[in-house]
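Peer 1: The structure that follows is given in the form of structure tokens.
The values are calculated or read from the model by the stated rules, or taken from the named source; none is laboratory data. Given the structure is predicted, the values throughout are model-derived calculations rather than measurements. When we count neighbours, we look across all protein chains shown, and the Cβ atoms used for this are built from the backbone with ideal geometry, even at glycine. SASA here: full protein model, heavy atoms, side chains in, ligands and nucleic acids out. Shrake-Rupley method; radii C 1.70, N 1.55, O 1.52, S 1.80 Å.
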Amino acid sequence: MARPRKFDEERAVGAAMEAFWAAGYEATSTQDLCEATGLGRSSIYNTFKSKHDLFERALDRYMAERNGELFALLESGLPVREKIRTHLRRVIDEECGDEEPRRGCLVVNTAVEVAARDEEVAGELARDYRLRLEAIRTAIASGQRDGDIDAGKDARMLAHLVIAAVGGLRVSARCGADRAALEGVMEGFMAAL
């Protein structure tokens, strides 16, 4: 008979998410995961099967949390243009905040570090992208009906641009762009709407 688990599995996934987010997939060792979660190696492998499995669970959790924030914003009573500006402003605030070291976005970091050589992770990222794309496209189409967004532009293309702007802001910040530069990018993007 198997012994019952004596730890909170979701807490462990959250702790692992923080570890992967801070260091990336490759640089996070099993020992780092043991230290982050407070679990021994056997508990990690018995519960999550592998580092990769735990990473996928952590990435799924991150995407669910972040998408929840985005979807709540998109469903708020703000005009669509302000929803998009708020989304971009949040990204800039995260990238230029006081938190050290700056971790960026686990999705963007994973896309750059892991996706090209890991089909499963690439598939998860693609599903997440499609989910965000549709939510943003729906909001933009609503804004076009309300006259807040130029109705002559393709809503799907604009949604792709929002996602590209977010990724671009995050990567630019990692490359040394300061708050003023990122805000300039945001204003340029908003003018394109």
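Peer 1: Among (1) surrounded by 13 or more Cβ atoms within 10 Å (Cβ to Cβ); (2) in contact (Cβ under 8 Å) with a residue 60 or more places away in the chain, where does Arg137 come up short?
Peer 2: Of everything listed in (1) surrounded by 13 or more Cβ atoms within 10 Å (Cβ to Cβ); (2) in contact (Cβ under 8 Å) with a residue 60 or more places away in the chain, Arg137 misses just condition (2).
Peer 1: Limited to the stretch 102-129, what total is found for residues that are under 17 Å from Arg66 (Cβ atoms), of a type in the set (Lys, Arg) and in a helix (DSSP H, G or I)?
Peer 2: Counting residues in the stretch 102-129 that are under 17 Å from Arg66 (Cβ atoms), of a type in the set (Lys, Arg) and in a helix (DSSP H, G or I) gives 1.
Peer 1: Another question, if that's okay. Condition check: more than 19 Å from the chain's Cα centre (by Cα) and closer than 19 Å to Gly24 by Cβ. Does Arg102 satisfy that?
Peer 2: So Arg102 does not fit the description; no.
Peer 1: Tell me whether the stretch 4-25 contains one or more residues that are touching an Asp or Glu at 6+ places or on another chain (Cβ under 7 Å) and of a type in the set (Phe, Trp, Tyr).
Peer 2: yes
Peer 1: Residues to consider are Arg85, Arg127; find the one that is surrounded by 14 or more Cβ atoms within 10 Å (Cβ to Cβ), modelled with pLDDT of 95 or more and among the charged types (D, E, K, R). Break it down stepwise before answering.
Peer 2: Details: Arg127 fails: surrounded by 14 or more Cβ atoms within 10 Å (Cβ to Cβ).
Just a single option satisfies the conditions, and that option is Arg85.
Peer 1: Would you be able to say whether some residue in the stretch 33-48 is charged (D, E, K, R) and in contact with a Phe, Trp or Tyr (Cβ under 7 Å, 6 or more places away or on another chain)?
Peer 2: Start the filter on the stretch 33-48 by keeping residues that are charged (D, E, K, R), which leaves 35, 41.
Next, from what is left, pick out any that are in contact with a Phe, Trp or Tyr (Cβ under 7 Å, 6 or more places away or on another chain): none.
Checked the stretch 33-48: no residue is charged (D, E, K, R) and in contact with a Phe, Trp or Tyr (Cβ under 7 Å, 6 or more places away or on another chain).
Peer 1: Exactly one condition in (1) touching a residue at least 12 places away in the same chain (Cβ under 8 Å); (2) open to solvent by less than 30 Å² (accessible area, probe 1.4 Å) is not met by Arg57; state its number.
Peer 2: (2)
Peer 1: Would you mind stating whether Gly24 is touching a helix residue (DSSP H, G or I) at 6+ places or on another chain (Cβ under 9 Å) and without any contact (Cβ under 8 Å) to a residue 40 or more places away in the chain?
Peer 2: Details: touching a helix residue (DSSP H, G or I) at 6+ places or on another chain (Cβ under 9 Å): yes; without any contact (Cβ under 8 Å) to a residue 40 or more places away in the chain: no.
The answer is no for Gly24.
Peer 1: Moving on. Can you give me the number of residues within the stretch 130-189 that are assigned to a loop (DSSP other than H, G, I, E, B) and either under 20 Å from the mean Cα position of the chain (by Cα) or not charged (D, E, K, R) (or both)?
Peer 2: Residues of the stretch 130-189 that are assigned to a loop (DSSP other than H, G, I, E, B), as a first pass: 147-154, 175-178.
In the following step, the residues that additionally are either under 20 Å from the mean Cα position of the chain (by Cα) or not charged (D, E, K, R) (or both) were identified as 147, 149, 151-152, 175-177.
Selection size over the stretch 130-189: 7.
Here is a yes/no grid of residues against (1) out of contact with any Pro (no Cβ under 6 Å at 6 or more places or on another chain); (2) closer than 19 Å to Leu131 by Cβ; (3) open to solvent by 20 Å² or more (accessible area, probe 1.4 Å):
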residue	(1), (2), (3)
Tyr25	yes, no, yes
Ile44	yes, no, no
Lys51	yes, no, yes
Met63	yes, yes, no
Leu74	yes, yes, yes
